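Comments concern the structure below.
Nothing in this text is a laboratory measurement; each read-out follows from the coordinates by a stated rule. It should be emphasised that the depicted structure is a prediction, and the values quoted were computed from it without experimental measurement. For neighbour counting, all protein chains shown are included, and Cβ atoms are generated from backbone atoms with ideal geometry for every residue, glycine included.
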């Protein structure tokens with residue numbers, strides 16, 4: 001491999017570092033903790049004092065159910081590419097079923113654990 005093959009990677013790393021540095025610098029100049037920030041102590045949004053009660057707090061069970069949904073949703077996203085390339089793996093005689101079945105077994109074990117712990121029950 002030549003050095004010319006690494007130029008796109010070096011450009012991407014350089015851009016990532018430059019964007020990261022730019023975000024940090026702009027945050028220091030215009031951020032909430034900046035001494036030159038004239039909006040720092042102003043009221044949020046429209047400038048009027050809030051009326052009425054604060055927003056109701058959600059139960060911890062709501063957040064737990066939301067996190068479990070996200071967790072299983074992400075795991076399903078990992079299964080979609082497997083379904084799309086399954087025939088290619090079979091045609092190339094590559095064993096793919098065993099690792100995916102192990103992954104699914106872990107998913108089912110996690111779901112059974114959550115059900116036994118009562119994580120999906122609202123009334124408790």
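Here are a few things to note about the model shown:
- Packing-based exposure ordering (other Cβ within 10 Å, fewest first) of 122, 82: 122, 82
- The alpha-carbon positions of the stretch 75-124 define a convex hull whose volume is 63 Å³ per residue.
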